[in-house]
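S.K.: Please find one structure pasted underneath; my questions will follow.
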Amino acid sequence: MEKRFSKTLHLALTTLALIMASHLHAAYNGECWVVSNGDTVYKLLPNGNADPTIIPGLTQAQAAVVDPKTGTVWIAVSAANAVFRFDPATNEFKQLPEIKRPHSISVNPRDGTVWIGGLDVVQKVSADGSQFLATIVDVYEPEVAVNPTDGTCWVTASRGTIARNGPTGAV
């Protein structure tokens with residue numbers, strides 16, 4: 001029963017994260033960045049058409065999210081142990097320091113910082129991608145979701161734990 005409850009809770013929080021992320025994408029300008037077949041990231045325009053600009057060759061891309069204020073796109077590529085920051089305004093494509101098997105990303109729309117869930121860690125990254133601001137360890141396959149109202153980050157792990165973390169990563 002406990003295992004079933006924790007899986008249900010994990011699914012519910014993942015769904016909440018997707019709903020929150022979808023809301024943030026729509027708040028930007030109606031565009032949506034999509035991971036296709038795990039190897040190409042492209043932009044869908046508000047009218048449903050695909051933008052001709054794509055980001056190919058990202059084997060096992062897991063997630064793509066947009067900062068609703070700046071339009072910066074954050075992409076998790078699990079197979080490469082990499083997270084990329086793409087600025088469509090300048091076409092700058094920057095790789096962050098290694099994060100083991102990243103798969104979940106959530107942007108804090110208040111300050112542009114990004115929370116990233118890896119295999120067994122959650123990292124909070126500065127808006128420009130230059131530094132790690134907080135680290136949460138001993139979480140397995142965490143999903144992350146930032147509350148856009150207060151900037152806290154909810155973290156749920158596949159083993160059933162759930163925590164609300166402040167800006168420093170403290171519970």
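The values are calculated or read from the model by the stated rules, or taken from the named source; none is laboratory data. All values derive from a computational prediction rather than experimental measurement. When we count neighbours, we look across all protein chains shown, and the Cβ atoms used for this are built from the backbone with ideal geometry, even at glycine.
S.K.: Which residue out of K124, K69 is in contact with a helix residue (DSSP H, G or I) (Cβ under 9 Å, 6 or more places away or on another chain), among the basic types (K, R) and on the phi < 0 side of the Ramachandran plot?
M.R.: K69
S.K.: Looking at (1) touching a residue at least 40 places away in the same chain (Cβ under 8 Å); (2) more than 19 Å from E141 (Cα to Cα); (3) buried (at least 18 other Cβ atoms within 10 Å of the Cβ), which one does T70 not meet, given that it meets all the others?
M.R.: Evaluating T70 over (1) touching a residue at least 40 places away in the same chain (Cβ under 8 Å); (2) more than 19 Å from E141 (Cα to Cα); (3) buried (at least 18 other Cβ atoms within 10 Å of the Cβ) leaves (3) as the failure.
S.K.: Just give me the residues in segment 143-168 being touching a Ser or Thr at 6+ places or on another chain (Cβ under 9 Å) and surrounded by fewer than 19 Cβ atoms within 10 Å (Cβ to Cβ), in sequence order.
M.R.: If the condition is that a residue be touching a Ser or Thr at 6+ places or on another chain (Cβ under 9 Å) and surrounded by fewer than 19 Cβ atoms within 10 Å (Cβ to Cβ), then G151, S158, R159, G160, T161, I162, A163, R164, G166, P167 are the ones that fit.
S.K.: Also: If S106 passes every condition in (1) in a loop (DSSP other than H, G, I, E, B); (2) within 24 Å of C32 (Cβ to Cβ) but one, which one does it miss?
M.R.: Evaluating S106 over (1) in a loop (DSSP other than H, G, I, E, B); (2) within 24 Å of C32 (Cβ to Cβ) leaves (1) as the failure.
S.K.: Could you list, in sequence order, all residues of segment 39-67 that are surrounded by 14 or more Cβ atoms within 10 Å (Cβ to Cβ), within 21 Å of K100 (Cβ to Cβ) and either touching a residue at least 60 places away in the same chain (Cβ under 8 Å) or of a type outside the set (D, E, K, R) (or both)?
M.R.: V41, L58, Q60, A61, Q62, A63, A64, V65
S.K.: In segment 114-134, what count of residues is obtained for those that are crowded, with 17+ Cβ neighbours inside 10 Å and assigned to a loop (DSSP other than H, G, I, E, B)?
M.R.: 3
S.K.: Within segment 143-169, how many residues turn out to be small (G, A, S) and either on the phi > 0 side of the Ramachandran plot or not in a loop (DSSP other than H, G, I, E, B) (or both)?
M.R.: The qualifying residues number 5.
S.K.: Hey, any hits in segment 135-142 for a residue that's part of a loop (DSSP other than H, G, I, E, B) and loosely packed, with under 15 Cβ neighbours inside 10 Å?
M.R.: yes
S.K.: May I ask you to list the residues in segment 82-118 that are aliphatic (A, V, I, L, M) and touching a Gly at 6+ places or on another chain (Cβ under 7 Å)?
M.R.: A89, L96, I99
S.K.: Right, next: If we scan segment 91-98, do we find a residue that is over 16 Å from the mean Cα position of the chain (by Cα), in contact (Cβ under 8 Å) with a residue 12 or more places away in the chain, in a loop (DSSP other than H, G, I, E, B) and surrounded by 15 or more Cβ atoms within 10 Å (Cβ to Cβ)?
M.R.: Scanning segment 91-98, I find no residue that is over 16 Å from the mean Cα position of the chain (by Cα), in contact (Cβ under 8 Å) with a residue 12 or more places away in the chain, in a loop (DSSP other than H, G, I, E, B) and surrounded by 15 or more Cβ atoms within 10 Å (Cβ to Cβ), so the answer is no.
S.K.: Considering only segment 43-70, how many residues are of a type in the set (D, E, K, R) and either at pLDDT below 85 or assigned to a strand (DSSP E or B) (or both)?
M.R.: Residues meeting the conditions: 2.
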